[in-house]
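Structure, as structure tokens:
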Amino acid sequence: MSVEMVELVVKAPEPVRPAGILQQNRVFLDFFWDLAKPDQEVRLKAVEDLIQYLRSNNKADELEYTFKRLVDGLAHTRETARPGFSLALGQVLSAFEEVSLQTILNRIKEKHSLQKVKKKLIRNALFGNLFGVLALHQSSRLSKEPQVVLGCVQLLQSLSQHRQHLKDLPSKTMMDILTEIPEEVFEEVLLSALQTDLASAFSTPEQMQLLLVALQRFPQTLKPKKLKKLLGSTTIINADNIPKLTEVLKKAAHSVKKECVLPAVVLDLLKLSLKEDSFQLFWNKAIVEGMLKQQSGPTHYLSFRLLGSALPLLSVEQLKEVLSGDVMTHYGEHVVSAQKPDRFKLAPEMDTYVSDFLQNCQDSEKQLVVMVAFSSLTNMGYPVVPSVWRVVQHLQPAALQDYVDWLKSMFVQPQLDKLLDFSTRKQKDNQEGKEEKENSIFRLRKWIVSRLTSIIDNHHVKKQEDLVMDVARFVFFHALFSAKKASADVAETKVKLSVPIDEKTRGVLVTAFFGLLLSMHHLHLPEDSAEGAAVNQKRAMGVTADGTMWIYHLVQYAQVLLTQPKSIQSSQPFSPEQRQAWDSMLESVASLKKKSKKDQTAESSAFQQLFLLVGMHLFKDPEELLDIMKDMQSCVDKAQQKTSKKKKKKPEQEHEPEWVEVMVDILLSLLSQPSRHIRQVCKTVFSSICPHVTAAALTAILDVLDPEKDDGDGAVVVTDDGTNKTQKKKDQEEDDDEEDDEAMEEEDGDEEEDEEEDMEEGEVDQNFRVELMKVLQKQNALATEEDGSSDEDLDDDAMMEMDKKMSVLFSEQKKKTQAKKDEKTKLLKEKTLVRDFKIKVLDLIEVFVARQAGSPLVLSLVEPLLALIDRGMSSGSNQQEQDFLRRAADIFRNQLCRSKVYCKTVGDRQGELHDLLDKMMSKTQKLSDSSVGLYYFSASLYVVKVLRGAPPAADAKEEQTDEKAAENELSFTGNMDMDRVSAVFREALTSFMSRRKSPLTTQMFTDLFNRFPQCSTSPLESENTNRKPKVEKTKPEKEADKQPLSKKKKGFLPETKKRNKRKQLVLEQAANQSTPADKQGADKGQANKKHDKKAKQKRPADGTRAPQPIPAKKSKTQSESQPAKKKTKKPKQKKVVGGQM
């Protein structure tokens, strides 16, 4: 056998191609492997490279092999490979036009013949034929060979019978072929072949689609006479064909049940109906009376999708007819019923249809018709489209204005008969005439108000200033006023309300108006108005193009309404005192505006905003804000006087608080209001008065956040909730645990609450059992020990009387239990409101830290914020508590401690700051949680930074190198008492090294040494002194030999000797530093002594070892002694065994 192989090897070289050809063939074959790979980019690259290779080589055998491989690959078992081979075949045929398409078609039929293939491979053969036809179609040469077109169509007709595998792909391929061939080829070649399919167009959606495509492409061939011969009628859509069309539409609807799309044949039929002028017949008979009569499902969804797709195709009159018919009603019912979970929702698709239509339609009239129609589709008065429907952003300005006018007129005069209203079965059963109508009007008005405000709130809507002001005036007027008679100055009085506004609707209007105020506060100037502004300047918010605030325009409008009592009536009239406050507010704003014209300041603008906002809120809560308004006016007057000219205080004014303190109290009072707008304005006002804030004003803010006061409140809640009186005597730690339990109840829900209720019910059961026993004993219903179980039964009257008493007893017990639950819920709500208020107050702290980071007053925030964080770490864990704690921690650490701006003028507060540093570091060492200790240590570093201050700037004349500048900065200590500061950190470092569980961490000291190297010298020297006594030993060898033998363990010398050695070390270091010339010699001597000492330790004296030096408390710190010993033993063993190192 080996001989034969040798012969083969010898004979082989002659017929084999050279090595280069083999390498090329290897590359050539790799193209076909790449065509079968799942990556599309790889397949496309392989197609390009294959064509380029065939063109460059131009070899007939390789081209023949290419067609063989590509035709075989059309039926590849891998689905992703078939499109690759089909595309490659089409491109190769397009590149090599000399190859006949008929030859390739015959090869495809022969290779993938359905009669010859095995049964298990029939699916692959079907796809092989289909992708072969697609390849011929992609070659763009079909129109040049009509017989190939006929062959392809006939092959596709045979494939269309196998729907279980190919579905409608053969029909779609036929339609694609029809779109590319000329009319002559269709008339001469294909018409006869397709005559059967065209004649049976009403059988399946695919055949109907084929007929519609042929009608669009070849109208001259398929004339009415030809259609009459094929279908029996000159038109497709007529009264006789409606039943057949309905069946086709039903089949089409069920064919795309899973795809959730609109079949193309349906939209083509709609277009044909418009062309044949039979749209109404098609819509009313085929869609409304045909499709909608079926049970809710695919046929209904097809009708809804057809409605959305038809919007761009219809005229105004057709839009009005379609959008007010049964299809819209059924769509509304679907939207209402689909609100339940796990229901199919078609509303997002309809939103897309409407949005695309409005975006591409430039006809304002059509836009208005569509918007009004969808807004008129109501369920018992409430439109089914959301009030924040975002499609409104595509409306043209004219259409938007008309739409707003329609909303306003429908609010003033609700015309329910013009709405397309519907009701569900349950709603129809519960309808009660007049009351139902009033409820529908309320629901409609509620939606309209939300719709109007959402238009203003949507920044993508293109709206003019007049439109914004028009909507704001409309909502404000109807929220707080009503018209007695028409007034020329007020447009809102010219149209009378057909149905009076009830209190429920007025409450919705008031809420909507103050939400609208917030939206207008954030309203940007239009881009065209801001074009003239500087590029780097921010776009103004909350003002009109002339710079006037929106809220100022509304206040002026309110003043106009108040000055016409004969024509306009307020729903909540002002008292004389309240009206005086309103008038004085207007005067204050006018005064501020007058001064701001001369000198525009942020403080003046902020005060104007605050006055105007509180003035508008007077209409909502006049009694609550009246005193605040008075305080604001006096406060601003004093502030203006202080800023204009400093006057000496009169004796009676010396005890009055500063104006800024009063203003802070006002802001705190306003923050208790549940209004986001007030919160933002308060933040703006406080930001403007930050430079004037005094220590007393800051203390007033911190008092709100005082954890001790929160403890008192929490104790009340716990005492009231608990039923055991002994809980009042628990200490502070137990109170903290109880507050933790309450917070967990707020977050986690019912588990602990149920347990506590069970405990309460257990105690109540004891009392209830006693009362129950009394009732039963009075009626002799209990068996005693004397009668045993032989007592006589009670008569009926006695039983009835006992039942009555027990019923009363149980009802009272139920009321008591419910009262306790209500009380507990009330307390939890109060606690939530208090915490929410404190979160708002943190806004002021954040603003002050950001604006006044260099003020000495910032130092007074350190301890309160630390107490707040410490308290929060040990309190409840519900979401609100976590948000509060996270916010406070972020303000303290990231905005206060890490701020680049800090107080650099300590003045005479050095001693106070040193005491604060000592206090915080002592507190840090006593903590049990390192996460809290991190904040205390950060505060300590902040205090050190303040004490050190900024290093003095170098003189311009002196040129300092980087090393010298770093040395000067390192040596600069500012106002720090280095001995005291070093002692504080030395104590902390000792605690960290000696305690097993310390709240301090390595990172804390790393930060200290990196940021303040001058503070790290003394603590480290002290630690090195304690941890390196071997270097300190300076006794000569003779004295060491004469030392008495110590029986004590190493490291446990008497305390006095340790002190003496430490003192001796300090003196030696001082001497070394004073004589640097001797330092090298000293170091050399120390090294020699160390070497001699090692030798002495190995040499026994009288059979015993010499005393060991103190190991610097290594046994007390960490488990570092063991590895240290191993390291020192290894070189000794080498020295003994080998004799050399």
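Mean separation of Cα pairs under 8 Å and 6 or more residues apart, divided by the residue count, gives the stretch 169-271 a relative contact order of 26 percent. Here the simple spin-label model places points 7 Å from the Cα toward Cβ, and for Asp795 and Ala545 these points are separated by 9.7 nm.
Where does each of Phe131, Phe481, Phe344, Phe810 land when they are ordered by accessible area, with a 1.4 Å probe and the largest first?
Values: Phe131 35, Phe481 5, Phe344 80, Phe810 100 Å².
From most accessible down to least: Phe810, Phe344, Phe131, Phe481.
Could you do me a favour and compute the accessible area per residue for the stretch 368-442, 1.4 Å probe, result in Å²? Write down the numbers at each step before the final one.
Numbers: 3660 Å² over 75 residues.
On a per-residue basis, the stretch 368-442 sits at 49 Å².
List the GluC sites (Glu not before Pro) within the stretch 17-114 that fall in a DSSP loop (any state other than H, G, I, E or B) and whose Cβ has at most 12 other Cβ atoms within 10 Å. Those that pass, being in a loop and sparsely packed, are Glu79, Glu97, Glu98. Extension gain, Asp631 to Gln40: 0.36 nm times the residue separation minus the Cα-Cα distance gives 205.3 nm.
Which order do Phe514, Phe892 take when ranked by solvent-accessible area (1.4 Å probe, heavy atoms of all protein chains), largest first?
These residues rank, largest area first, as Phe514, Phe892.
Note on Asp30: accessible area approximately 60 square angstrom, rounded to 10, probe 1.4 Å, nucleic acids and ligands left out.
The stretch 607-629 and the stretch 383-420 have Cα centres lying 33 Å from one another.
Across Thr221, Thr511, the residue with the most accessible area heads the list, and the full order at a 1.4 Å probe is Thr511, Thr221.
With only Cα atoms counted, the stretch 95-182 has Rg and Dmax values of 12.8, 40 Å.
Within the stretch 655-698, the proportion of Cα pairs with more than 13 Å between them is 52 percent. Any idea how far the Cα center of the stretch 314-341 sits from the one of the stretch 844-919, in Å? Cα centres, the stretch 314-341 to the stretch 844-919: 60 Å. Accessible surface of Trp550, taken over heavy atoms with a 1.4 Å probe and every protein chain present, rounds to 10 Å².
What's the FRET efficiency of Arg579 with Ala486 using the Cβ-Cβ distance as r and R₀ = 30 Å, to the nearest 0.05? It comes to 0.75.
Of the listed pairs Lys829/Lys926; Lys504/Lys630; Lys437/Lys814; Lys485/Lys595; Lys593/Lys683; Lys229/Lys320, which have alpha-carbon separations greater than 29 Å here? Violating the 29 Å Cα-Cα cut-off are Lys829/Lys926; Lys504/Lys630; Lys437/Lys814; Lys485/Lys595; Lys229/Lys320. Of the chymotrypsin sites (Phe, Trp or Tyr not before Pro) found in the stretch 44-113, those that fall in a DSSP loop while having at most 16 other beta-carbon atoms within 10 Å are Phe96.
Computed 3J(HN,Hα) for the stretch 606-617, one whole-Hz value per residue from the Karplus formula 6.51 cos²θ - 1.76 cosθ + 1.60 where θ = phi - 60°, is 5, 5, 4, 4, 5, 4, 5, 5, 5, x, 5, 6, glycine and proline marked x. Full extension from Met873 to Thr424: what is 0.36 nm times the residue separation minus their Cα-Cα distance, to one decimal in nm? Stretched out fully, the Met873 to Thr424 stretch lengthens by 156.3 nm.
For the stretch 850-959, the list of GluC sites (Glu not before Pro) that fall in a loop by DSSP and count at most 10 other C-beta atoms within 10 angstrom reads Glu958, Glu959. Rounded to whole Å, give me the distance from the Cα center of the stretch 542-564 to that of the stretch 89-160. Going from one Cα centre to the other spans 77 Å.
What shape does the stretch 269-400 take by its C-alpha gyration tensor, where a ≥ b ≥ c are the square roots of the eigenvalues and a/c under 1.5 counts as rounded, a/b above b/c as prolate, and the rest as oblate? Oblate is the answer for the stretch 269-400, as a/c is 1.5 or above yet b/c matches or exceeds a/b.
Counting protein heavy atoms only, the stretch 170-304 has 49 percent of its accessible area on carbon and sulfur, 1.4 angstrom probe.
Computed from the Cβ-Cβ distance with R0 of 45 Å, the FRET efficiency linking Lys926 to Arg676 stands at 0.60.
Modelled this way, with points 7 Å down the Cα-to-C-beta line, the labels at Val560 and Asn58 are 8.7 nm from one another.
Note on Lys593 and Thr352: the model spin-label points, each 7 Å out from Cα along the C-beta direction, lie 5.1 nm apart.
The heavy atoms of Leu44 offer some 70 square angstrom of accessible surface to a 1.4 angstrom probe. For the stretch 330-486, with all protein chains in place and a probe radius of 1.4 Å, 46% of the accessible heavy-atom surface sits on carbon or sulfur.
The values are calculated or read from the model by the stated rules, or taken from the named source; none is laboratory data. Fair warning: this is a prediction, and the values are worked out from it, not measured in the lab. Because the Cβ atoms are built from the backbone with ideal geometry, glycine has one as well, and the counts that use them run over all protein chains shown. What goes into the accessible areas is simple: the full protein's heavy atoms, side chains included, and nothing from ligands, DNA or RNA. Shrake-Rupley method; radii C 1.70, N 1.55, O 1.52, S 1.80 Å.
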